Amino acid sequence: IQIITSLLLAFLPFFVLWLLSIKLEDASIIDIYWGPSFAVTAIIAATVAVASGNSLAPLALLTAGLTILWGARLGVYLWLRNAGHGEDWRYQNMRANRPGKFIVWSLYGVFGLQWLVMAVVSLPVVATIFAGGTVNFVSLIGVGLFVIGFSFEAIGDYQLAQFKKDPANKGQVMNKGLWAWTRHPNYFGNAALWWGLGLIAASAGLWWTLIGPA
């Protein structure tokens with residue numbers, strides 16, 4: 001019940017952003033909130049846990065802290081990258097394909113859908129916050145995988161941003177740094193860190209939450 005309550009409460013910011021997107025005529029603001037939405041959900045879950053009389057165990061604090069760190073980093077990066085550039089072309093196409101219907105459709109087709117995906121992916125975090133537990137060998141492996149994934153994502157984003165700043169690289173393929181190792185180090189890093197969070201949850205016996213990273 002507490003997990004469901006937390007995830008339902010986490011929909012409220014998505015709804016508020018939907019209302020804001022109507023005023024701004026820019027649905028792509030949801031992209032900036034993608035990372036922070038996980039951090040906000042972790043904070044909501046922790047608040048619900050404490051309000052219910054539960055203390056936050058070491059594993060709960062570790063999971064919440066890692067999630068907030070990742071969400072804040074990604075949110076700041078996307079804000080700096082996207083702010084002031086107007087609505088992303090993907091949402092412009094969605095809007096053009098649904099004349100007169102996009103506003104209502106975007107509530108469930110954009111904002112609602114992203115909340116639903118976030119709710120599933122965040123299951124290891126939310127469940128661990130309520131289940132608690134102590135740090136053990138498996139959770140330390142999860143932390144290590146998170147660090148690797150977080151580093152890949154952050155460094156990959158930085159390297160691509162620097163590459164795109166150089167006018168000489170316009171139209172060229174980024175194939176240096178981490179981008180020489182994997183086609184999308186930021187996506188690889190994102191997947192790796194979420195499997196790390198999944199392992200932390202599994203260390204507390206929450207194997208079912210691996211549906212999130214999967």
What does the charge dipole of segment 1-109 about its Cα centre add up to, to the nearest 20 debye, if the Cβ of each Lys and Arg holds +1 and the Cβ of each Asp and Glu holds -1?
140
At 1.4 Å probe size, what's the solvent-accessible area of Thr128? Round to the nearest 10 Å².
0
Hits among lysines - C-alpha to C-alpha of Lys101 under 24 Å, sequence gap 8 or more where chains match:
Lys23
Compute the distribution of all C-alpha to C-alpha distances in segment 156-214, in bins of 5 Å from 0, and list the percent of pairs in each, rounded to whole numbers.
4, 18, 20, 14, 11, 10, 10, 7, 4, 2, 0
Once label points are set 7 Å from the Cα along Cα→Cβ at both Val16 and Trp79, what is their separation, rounded to one decimal in nm?
1.4
Given 0.36 nm per residue, what is the gain on full extension from Val117 to Trp34 after removing their alpha carbon distance, in nm?
28.9 nm
Take Leu80, Leu56, Leu66 and sort them by solvent-accessible surface of the protein heavy atoms, 1.4 Å probe, largest at the top.
Leu80, Leu56, Leu66
Could you point to the residue in Leu140, Ser6, Phe163 farthest towards the positive end of the chain's charge dipole, with +1 and -1 charges on the Cβ of Lys/Arg and Asp/Glu respectively?
Phe163
Of Ser55, Ser37, Ser122, the one that fluctuates the most in a GNM where the chain has Cα springs shorter than 10 Å:
Ser55
Kirkwood Rh and Cα Rg combined as Rg over Rh, evaluated for segment 84-148:
1.24
Mean Kyte-Doolittle hydropathy of 0.0 or higher plus an axial Cα length of 15 Å or more: which whole DSSP H helices in the chain meet both?
11-24, 29-51, 58-82, 137-165, 185-202
Amide H contacts under 5 Å for Ala57, placed H, 5+ residues apart:
Gly133
If the chain between Lys164 and Ala180 were fully stretched, how many nm would it gain, using 0.36 nm times the residue separation less the Cα-Cα distance?
4.2 nm
If you find the alpha carbon centre of segment 1-69 and of segment 135-214, how far apart are they in angstrom?
21
Mind telling me which of Leu24, Leu74, Leu193 comes out most flexible in a GNM of the chain, alpha-carbon contacts under 10 Å?
Leu24
Given Cβ point charges of +1 (Lys, Arg) and -1 (Asp, Glu) and nothing else, what value in debye, to the nearest 20, does the dipole of the chain about its Cα centre take?
380
In whole percent, how big is the carbon plus sulfur part of the accessible area of the chain, probe 1.4 Å, protein atoms only?
70
Taking the dipole about the Cα centre of the chain, with the C-beta of Lys and Arg at +1 and of Asp and Glu at -1, give me whichever of Leu17, Ala39, Tyr91 is farthest to the positive side.
Tyr91
Do any trypsin sites (Lys or Arg not before Pro) in segment 118-206 lie in a DSSP loop with no more than 13 other beta carbon atoms within 10 Å, and if so, which?
Lys170, Lys176, Arg183
Can you tell me the relative contact order of the chain? Whole percent, Cα pairs under 8 Å, sequence separation 6 or more.
25
For the chain, set up a Gaussian network in which alpha carbons nearer than 10 Å are linked by springs, and say which option among Gly133, Gly86, Gly171 fluctuates the most.
Gly171
If the viscosity is 0.692 mPa s and the temperature 37 °C, what translational diffusion coefficient in µm²/s does Stokes-Einstein give for the chain when Rh comes from Kirkwood over Cα pairs?
179
Heavy atoms only, probe 1.4 angstrom, no DNA, RNA or ligands counted: give me Phe130, Phe137, Phe38 ranked by accessible area, highest first.
Phe137, Phe130, Phe38
Where does each of Trp207, Trp18 land when they are ordered by accessible area, with a 1.4 Å probe and the largest first?
Trp207, Trp18
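The values are calculated or read from the model by the stated rules, or taken from the named source; none is laboratory data. What you are looking at is a predicted structure, and each value in this text was computed from that prediction instead of being measured. Every residue, glycine among them, receives a Cβ derived from its backbone with ideal geometry; neighbour counts consider all protein chains shown. When the accessible area is computed, the model is the full protein with side chains, heavy atoms only, and any ligands, DNA or RNA have been set aside. Shrake-Rupley method; radii C 1.70, N 1.55, O 1.52, S 1.80 Å.
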